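Some notes on the structure that comes next.
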Amino acid sequence: MQTPHSGSPAVPEWLSQRLQAAGGSVPFLDYMQWVLHDPEHGAYGSGRLAIGPRGDFATAPSLGPEFAQLLAPQLAQWLALLPAGAPLALVETGPGEGQLAQQLAEALQAGWPELARRTELVLVEPNAGMAQRQRQRLRACPLPVRWIDFESLASAPRQGVVLAHEVLDALAIERIERRDDQWCRQRVGLRGDSLSLEAAEPLHGPVLKQLEGLGLLPLDGSRPPGWCTELHPGLKPWLTACGEALGEGWLLVIDYAHEARRYYAPQRSAGTLMAYRHQRASGDPLQEPGMWDLTAHLCLETLEAAARAAAWKPLGGCRQGEALLALGLAQRLHGLQQQPSSRLGELLQRRENLLRLVDPAGLGEFRWLAFHRGPTESWPSSRPQPAPLFLSQPPV
């Protein structure tokens with residue numbers, strides 16, 4: 001089955017040459033890796049994408065510092081549980097424009113100066129274009145900052161917190177499609193002067209065994225021909241690398257995710273893959289390759305299984321709206337009412353931004369998922385491992 005792409009300019013020469021060199025088509029995973037992370041042509045690799053309300057898409061940190069200020073107590077709780085006096089790391093993977101890193105560093109310095117003195121900010125950024133913008137933003141960062149690529153993650157300090165905010169949804173995915181009572185890998189092919197999505201070789205071997213073992217994706221004929229979804233083969237290597245970087249510490253994933261029953265629901269016949277540019281969303285991943293952001297939601301059960309396989313212990317999770325309310329967002333909203341009316345314009349903007357963070361139709365639907373790694377037997381028996389703050393307090 002072939003789905004030609006229409007309504008766009010001709011395929012870029014660089015992509016046409018690569019597809020021709022590969023025999024005319026490549027797995028969707030390779031295509032997604034190229035158009036996002038190629039150093040010269042990729043949307044992130046080249047630094048072409050801009051993050052923020054006036055950029056290609058907005059994130060919570062791009063709305064102002066209050067997201068980081070609400071998140072900081074959670075990170076400080078975890079850092080404070082680590083051995084006293086030891087060097088600590090706050091590792092952010094895929095730091096985007098560097099806004100969250102800067103805001104968190106400022107929040108830690110202001111609220112927990114003793115912890116801040118022991119903490120190094122480690123930014124894992126494989127894309128030179130993005131790293132250049134981050135360096136400009138973080139020139140006055142109150143914490144020492146170091147940049148590394150993903151392959152060097154194991155060189156990070158051995159104790160701390162890894163933060164993955166809107167990162168895992170940008171890992172290259174396998175796209176699979178139902179055809180002739182089989183699950184087939186979807187490929188991107190060059191057809192004349194356009195691109196097409198086509199169901200190609202049937203899944204077999206380890207990939208099919210993984211699907212059978214998880215028991216999440218229906219392997220019978222209950223999905224019609226053409227029904228497609230995503231697999232996330234990059235999750236386990238990513239989680240393993242993060243685990244190797246921290247002998248002891250915590251991982252916080254903040255991203256869009258669904259339970260398997262929603263992720264693989266019959267009505268979700270085109271999966272969760274979306275493209276974003278200039279504040280517009282599209283279901284077409286083939287338009288203007290290298291100009292659009294591509295993302296796919298996570299499956300919660302798949303993520304948890306990959307985390308356990310990489311020796312991370314799941315601690316629980318909730319939606320962002322619930323997390324931020326537990327961390328004090330309602331009190332911040334109330335505090336805005338006590339401010340002088342002479343700042344009305346600023347206060348209204350702050351109120352709008354705070355409400356956007358918990359909007360159930362938008363950012364409030366993000367999932368916060370916490371994981372721990374390392375020996376708990378070294379902690380005093382009188383001090384049991386606490387639940388994450390965003391889980392241990394009921395929403396206000």
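Could you pull out the residue among Ala110, Ala72, Ala76, Ala101 that is within 23 Å of Ser152 (Cα to Cα) and among the hydrophobic types (A, V, I, L, M, F, W, C)? Working first, answer last.
Values: Ala110 fails: within 23 Å of Ser152 (Cα to Cα); Ala72 fails: within 23 Å of Ser152 (Cα to Cα); Ala76 fails: within 23 Å of Ser152 (Cα to Cα).
It is Ala101.
Tell me which residues, restricted to the stretch 159-213, are acidic (Asp, Glu), surrounded by fewer than 16 Cβ atoms within 10 Å (Cβ to Cβ) and assigned to a strand (DSSP E or B). Reasoning before the result, please.
First, the residues of the stretch 159-213 that are acidic (Asp, Glu): 166, 169, 174, 177, 180-181, 193, 198, 201, 212.
Add one more test, that the residue is surrounded by fewer than 16 Cβ atoms within 10 Å (Cβ to Cβ), and what stays is 180-181, 193, 201, 212.
Once the filter is applied, which keeps residues that are acidic (Asp, Glu), surrounded by fewer than 16 Cβ atoms within 10 Å (Cβ to Cβ) and assigned to a strand (DSSP E or B), the stretch 159-213 yields only Glu201.
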* Give me a count of the residues in the stretch 63-114 that are surrounded by fewer than 19 Cβ atoms within 10 Å (Cβ to Cβ), aliphatic (A, V, I, L, M) and touching a Leu at 6+ places or on another chain (Cβ under 9 Å). => 1
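Residue-by-condition table, conditions (1) assigned to a loop (DSSP other than H, G, I, E, B); (2) over 28 Å from Leu355 (Cβ atoms); (3) acidic (Asp, Glu):
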| residue | (1), (2), (3) |
| --- | --- |
| Gln20 | no, yes, no |
| Arg48 | yes, yes, no |
| Phe67 | no, no, no |
| Gln77 | no, no, no |
| Val91 | no, yes, no |
* Can you pull out the residues in the stretch 232-280 that are surrounded by fewer than 17 Cβ atoms within 10 Å (Cβ to Cβ), touching a residue at least 12 places away in the same chain (Cβ under 8 Å), part of a strand (DSSP E or B) and of a type in the set (D, E, K, R)? -> none
* For the subset of the stretch 140-157 comprising residues that are at pLDDT below 90, crowded, with 17+ Cβ neighbours inside 10 Å and assigned to a loop (DSSP other than H, G, I, E, B), which member is farthest from the chain's Cα centre (by Cα)? -> Pro157
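Under 19 Å from Gly234 (Cα atoms) and not charged (D, E, K, R): which single residue out of Leu104, Leu153 fits that description?
Details: Leu104 fails: under 19 Å from Gly234 (Cα atoms).
Within the list Leu104, Leu153, the selection yields Leu153.
The values are calculated or read from the model by the stated rules, or taken from the named source; none is laboratory data. What you see is a predicted model, and the numbers here were worked out from it, not measured in a lab. Methodologically, a virtual Cβ is constructed for each residue, glycine included, from the backbone with ideal geometry; neighbour enumeration extends over all protein chains shown.
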